[in-house]
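This report refers to the structure that appears directly beneath it.
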Amino acid sequence: QLNRLEVLIVADNGLAPTAADFRILAELPNLESLDLSANLLILDAERVQALAQCTQLRQLALTGNPLAVAPDVSLMIDLEALLLNECSLSEWPPGLSSLMARANPRLRQIQLRDNQISEFPAIADTAFIALRNAEPALDQRRLVVLDNPFSPQSIVNLRDAGIALTESVIVAPQ
């Protein structure tokens, strides 16, 4: 009875799911949490497209995979947590800015630490940032982007959004 499956944790198993695997997961109507952290997953265009169909997800954890390409989260409107630390990403995930801009975004946790993302979009005007900055002591929204080689403009964008760069900040060479 996989249709009842709500949480799937298959972390640290040396797996490299295929596009067909993601298409099967997309058909599970109750799957809300997918944790494939610390595997051997590399995303290509076909896998990105198949994973993007998992629109029912509330949590997507792919930390510690050599993804190289970021997942497209634009259709995952119920997403609350996106965990993409240490994934060899060089670009901001497609659709993430639009999820952050949605009125009353469900997103609570975004982790993009230890990647190679140099261009960070201007998100200061998003609902995610507005809610986060309105009552920081009460709001539980977190955006972790440390240890990426930020361009100078990206550092400005981060500061404009009120994102603290208190730990290691790497500036990309110009």
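Take the residues of segment 54-67 that are in a loop (DSSP other than H, G, I, E, B) and open to solvent by 50 Å² or more (accessible area, probe 1.4 Å): which is farthest from ASN30 (Cα to Cα)?
Within segment 54-67, the match that is farthest from ASN30 (Cα to Cα) is PRO66.
Just to verify a result, which residue in segment 120-174, among those that are more than 16 Å from the chain's Cα centre (by Cα) and of a type in the set (D, E, K, R), is modelled with the lowest pLDDT?
In this case the residue turns out to be GLU167.
List the pairs whose first member sits in segment 99-121 and is at negative phi and free of Cβ contacts under 8 Å to residues at least 40 places away in the same chain, whose second member is part of a loop (DSSP other than H, G, I, E, B) and open to solvent by 50 Å² or more (accessible area, probe 1.4 Å), and whose Cβ atoms are under 6 Å apart, counting only residues at least 6 apart or on separate chains?
ARG108/GLU80; ARG108/GLN140; GLN116/SER90
Would you check which residues across segment 22-53 are part of a loop (DSSP other than H, G, I, E, B) and either touching a Gly at 6+ places or on another chain (Cβ under 7 Å) or under 18 Å from LEU89 (Cβ atoms) (or both) and list them?
LEU36, SER37, ALA38, ASN39, LEU40, LEU41, ILE42, LEU43, ASP44, ALA52
Among the residues that make up segment 94-108, is at least one of them under 14 Å from the mean Cα position of the chain (by Cα) and among the polar types (S, T, N, Q)?
Checking segment 94-108: at least one residue is under 14 Å from the mean Cα position of the chain (by Cα) and among the polar types (S, T, N, Q).
Determine if segment 37-46 includes at least one residue that is in contact (Cβ under 8 Å) with a residue 24 or more places away in the chain and within 13 Å of the chain's Cα centre (by Cα).
Yes, there is a match, as at least one residue in segment 37-46 is in contact (Cβ under 8 Å) with a residue 24 or more places away in the chain and within 13 Å of the chain's Cα centre (by Cα).
Determine whether segment 28-38 contains at least one residue that is open to solvent by 50 Å² or more (accessible area, probe 1.4 Å), more than 30 Å from ALA122 (Cβ to Cβ) and not acidic (Asp, Glu).
Yes - at least one qualifying residue is present in segment 28-38.
Contact list please: Cβ distance under 6 Å, first residue in segment 4-33 and touching a residue at least 24 places away in the same chain (Cβ under 8 Å) and closer than 18 Å to ALA45 by Cα, second residue open to solvent by 50 Å² or more (accessible area, probe 1.4 Å) and not in a helix (DSSP H, G or I), pairs at least six apart or on different chains.
Every condition considered, the pairs that remain are ALA16/LEU40; ALA26/GLN53.
Do you know which residues across segment 103-136 are of a type in the set (Gly, Ala, Ser), open to solvent by less than 60 Å² (accessible area, probe 1.4 Å) and assigned to a loop (DSSP other than H, G, I, E, B)?
If the condition is that a residue be of a type in the set (Gly, Ala, Ser), open to solvent by less than 60 Å² (accessible area, probe 1.4 Å) and assigned to a loop (DSSP other than H, G, I, E, B), then SER118, ALA124 are the ones that fit.
What number of residues within segment 68-94 satisfy the criterion of being in a loop (DSSP other than H, G, I, E, B), touching a residue at least 24 places away in the same chain (Cβ under 8 Å) and either touching a strand residue (DSSP E or B) at 6+ places or on another chain (Cβ under 6 Å) or surrounded by fewer than 21 Cβ atoms within 10 Å (Cβ to Cβ) (or both)?
14
The values are calculated or read from the model by the stated rules, or taken from the named source; none is laboratory data. Not measured: the values here are computed from a predicted model. For neighbour counting, all protein chains shown are included, and Cβ atoms are generated from backbone atoms with ideal geometry for every residue, glycine included. Accessible surface is based on the protein model in full, side chains and every heavy atom, while ligands, DNA and RNA are left aside. Shrake-Rupley method; radii C 1.70, N 1.55, O 1.52, S 1.80 Å.
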